[in-house]
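To start, the structure under review is shown below, and the notes come after it.
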Amino acid sequence: MLIRNAGILAGPELDYVPRADVQVRDGVFAQVAPHIKPDPGEEQRDCSGLLMIPGFINAHTHIGDSIAKDAAMSRPADDSIHPVYGAKQKILKNTHPGSLAEFMHATCRLMVSKGITTFVDFREGGADGVLLLREALKGVPIRAVILGRLEYYMQADSDAPLPERQEAELELLLKGCDGLGISGANENGRAVLERYSQTAKLISIHAAESEQSMAASVLKTGKSEVSRALAAKPHFLIHMTHASGADMQAASQTRGIVVCPRANASLAEGIPDIEAMWRAGCNVALGTDNVMINSPDMFREMDFAWKVTMGMNKRPVSPREILKMATVNGGRILGKKTGMIAPGMDADYVLLDRHALELEPVHSPHAAIVHRATESAIRAVIIGGETAHGKI
Ligand SMILES: [Zn+2]
């Protein structure tokens, strides 16, 4: 397939190319150039007037609570989403799995319609939870990175190893998913976190989400929550909203941090300091977190992240850096060939209509996408070279 005459945000820096051709072969970008000669019989589409951008990577979600939208707002975070006693757990336990899957399926479809081509889900409920998400994904072409979890929690100061039964469960769990999404260092002891560090798949963990979780770690163990989370040797950390400078320095040795500014704000927990993370040398990606407390919309997430960061620090931030958080940086965190338009990368992209009422005239493509575009400007969403939504 040859896409012709599109405006493109190309490569790892999302450089704006006003007009170029893009060739896709076997679901992968083959060439990006000013003019590409089509192969004999190759399908071609004239995309004049369209802006081609990488598909969004929603790098942190919990879509399992899609049935509980806004069911526990205005409550402290732990009352709402704590993995053991939060309102979320009660709702999920008392709902038929078929209904949970139905609403997860709807969220997956919604995400595709909003230009999200990959999402990274912290899936609760052990191996059964993973199976339920796989069921929900049927018929939706979105790429899902599923990070499963053992429903096994303990005191943070315990040194007990993972019991035999959970060892067996862990093996089964990891067979069915892409890695571990650990709830946090406060629900796991040192020996268990170290055990998790030995898994061969992706590892991620919540850290420094709230002032309470930071204080609880020091109170129970005398150590910072982030330093203990790092015992699991995570590829990336989630939140870091209340992380210290030293914590961020330590996090810069991982693939990065996924921040969820709107979710943190809607739980009245604070705002992650994205600028401080950049200064510490961290790769920062963006996620929308629980569907229960926030909409899975990367346009809204980028808009909020951009303005709140400038408002907090009283300094301008490049919208290009915010757009990278929703695309390139997420791909880097996953270690996958997605998140940018460049030869050899998966052909996951979104075509935006630059003549859409909300965008025209487009003077700055990066700014227009970060704080003006909505899904109504989307002409088509393509995943692995196949049209997943809309029409080219
Ligand atoms: Zn989370």
Exercise. Does the range 343-361 include one or more residues that are surrounded by fewer than 23 Cβ atoms within 10 Å (Cβ to Cβ), over 22 Å from Ile3 (Cα atoms) and in contact (Cβ under 8 Å) with a residue 24 or more places away in the chain?
Worked result: no
Problem set entry | Flag for Arg255 being at pLDDT 95 or above, basic (Lys, Arg) and out of contact with any strand residue (DSSP E or B) (no Cβ under 6 Å at 6 or more places or on another chain) | no
Exercise. Picking from Asn290, Asn313, Asn329, which residue would you name as being in contact with a helix residue (DSSP H, G or I) (Cβ under 8 Å, 6 or more places away or on another chain) and surrounded by 18 or more Cβ atoms within 10 Å (Cβ to Cβ)?
Worked result: Asn290
Exercise. If a residue has to be more than 15 Å from the ligand (Cβ to nearest atom) and more than 23 Å from the chain's Cα centre (by Cα) to count, how many in the range 64-86 make the cut?
Worked result: 5
Exercise. Considering only residues of the range 204-228 that are in a loop (DSSP other than H, G, I, E, B) and within 16 Å of the ligand (Cβ to nearest atom), which is surrounded by the fewest Cβ atoms within 10 Å (Cβ to Cβ)?
Worked result: Ser210
Problem set entry | Wholly within the range 14-125, strands (runs of 3 or more DSSP E) carrying at least 2 residues that are touching a Lys or Arg at 6+ places or on another chain (Cβ under 8 Å) and of a type in the set (A, V, I, L, M, F, W, C) | 50-54, 116-123
Exercise. Which ones in the range 244-293 are within 15 Å of the ligand (Cβ to nearest atom) and under 24 Å from Gly335 (Cα atoms)?
Worked result: Ile257, Val258, Val259, Cys260, Pro261, Pro272, Ala285, Leu286, Gly287, Thr288, Asp289, Asn290
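The values are calculated or read from the model by the stated rules, or taken from the named source; none is laboratory data. Everything numeric in this text was worked out from a predicted model, so none of it was measured. A quick note on method: Cβ atoms are made from the backbone with ideal geometry, for glycine too, and the neighbour counts reach across all protein chains shown.
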